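What follows is a single structure, written as structure tokens, with notes after it.
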Amino acid sequence: MNHTLLSNGRRIGYRSDGKSGGLPLVLLHGFCEDASVWDVFLPFLKQIRLIRVDLPGFGVSDPALTPGMDVYADAVCAVLNDLSLEQCVLVGHSMGGYAALEFAEKHPERLAGLGLFHSHPFEDGPERKEARRRGIEMLESGKRDLYVAQLFPGLFPEAYVKSRPEVIEALIQNGRRQSAEGIAAALEGMIGRKNHLDTLRGIECPVLFLLGALDTIVPPELGLQAAVVPSLAELQLLQGVGHMGMFEATEMCVEIVAGFWEFCANR
Ligand code: MLT
């Protein structure tokens, strides 16, 4: 079911599916995507209360007034409050993981589990920042469609792009429905994000690291380095998988995420 709420006069969209009660599993999408990126998980997760948020500037959520991962974390908080939910297991894909870490820093008591799905706690290096600035320039000069078309094939291993072009095409089409303003704000927010190693050091809930061995966007080494930091971590390194495990290895990723949720729910 689709919902919208107003937070500081801005609309935030989210979807609820699966079971009506129990510990919720909240899924955050990555860059240039929206909650629909998790559609592939739905048929497998009917036994869990599932909430998928459109981060500000994506899907039906209004762009935030200022960019930043804190704004995304606030949106997650607004959704939990809207549903009167005290705690959740929060899993974020890539940029959604950066937002989830920000949420973990601000609201640790609301987490029963934190999942970094092809994500990591480190800040951008100078080259990545520069590439993001070039992206913002492209978006500001009206080249949103070109930007999005170049982005998605690079998230998958080459063999997958060749064998499943329809998956990449659907992501490009969906990316083109996102506003240039929202995409640019996300780039700005990722440039400005901080290192969250200390957040992981202090975290009390279990942390899941799901990594793709062929991921060139979030190289697995970053996750491996971070996975030794929390007091309780689960590490899953998927061989043959790039940055988009929800498509590349759907059932395996569902099994890992559902297993992690179950572990957190039964502690
Ligand atoms: C994402 O998939 O969310 C982004 O590519 C992450 C990033 O660029 O760091």
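What is the one condition in (1) within 15 Å of the ligand (Cβ to nearest atom); (2) without any contact (Cβ under 8 Å) to a residue 24 or more places away in the chain that residue 175 does not satisfy?
The single condition residue 175 does not satisfy is (2).
Report the residue count in segment 231-267 for those that are more than 18 Å from the chain's Cα centre (by Cα), more than 22 Å from residue 46 (Cα to Cα) and in contact (Cβ under 8 Å) with a residue 40 or more places away in the chain.
Residues that pass the stated criteria total 1.
Show the residue pairs that are 6+ apart or on different chains and have beta-carbon atoms under 7 Å apart, the first residue being within segment 113-133 and assigned to a strand (DSSP E or B), the second being charged (D, E, K, R) and more than 9 Å from the ligand (Cβ to nearest atom).
none
Which ones in segment 98-109 are of a type outside the set (Lys, Arg), more than 9 Å from the ligand (Cβ to nearest atom) and in a helix (DSSP H, G or I)?
If the condition is that a residue be of a type outside the set (Lys, Arg), more than 9 Å from the ligand (Cβ to nearest atom) and in a helix (DSSP H, G or I), then 99, 100, 101, 102, 103, 104, 105, 108, 109 are the ones that fit.
Each row is one residue, and each column tells you yes or no for (1) over 15 Å from the mean Cα position of the chain (by Cα); (2) in a loop (DSSP other than H, G, I, E, B); (3) more than 26 Å from residue 202 (Cβ to Cβ).
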{"site": "17", "(1), (2), (3)": "yes, no, yes"}
{"site": "37", "(1), (2), (3)": "no, no, yes"}
{"site": "47", "(1), (2), (3)": "yes, yes, yes"}
{"site": "72", "(1), (2), (3)": "no, no, no"}
{"site": "78", "(1), (2), (3)": "yes, no, no"}
{"site": "85", "(1), (2), (3)": "yes, yes, no"}
{"site": "90", "(1), (2), (3)": "no, no, no"}
{"site": "96", "(1), (2), (3)": "no, no, no"}
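Each row is one residue, and each column tells you yes or no for (1) surrounded by 14 or more Cβ atoms within 10 Å (Cβ to Cβ); (2) in contact with a Lys or Arg (Cβ under 6 Å, 6 or more places away or on another chain); (3) assigned to a helix (DSSP H, G or I).
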position: 182; (1), (2), (3): yes, no, yes
position: 198; (1), (2), (3): no, no, yes
position: 217; (1), (2), (3): yes, no, no
position: 253; (1), (2), (3): yes, no, yes
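The numbers here are math on the coordinates, done by the rules we state, and not lab data. Keep in mind the model is a prediction, meaning the values are calculated, not measured. Glycine gets a Cβ as well: all are built from the backbone with ideal geometry, and neighbour counts include every protein chain shown.
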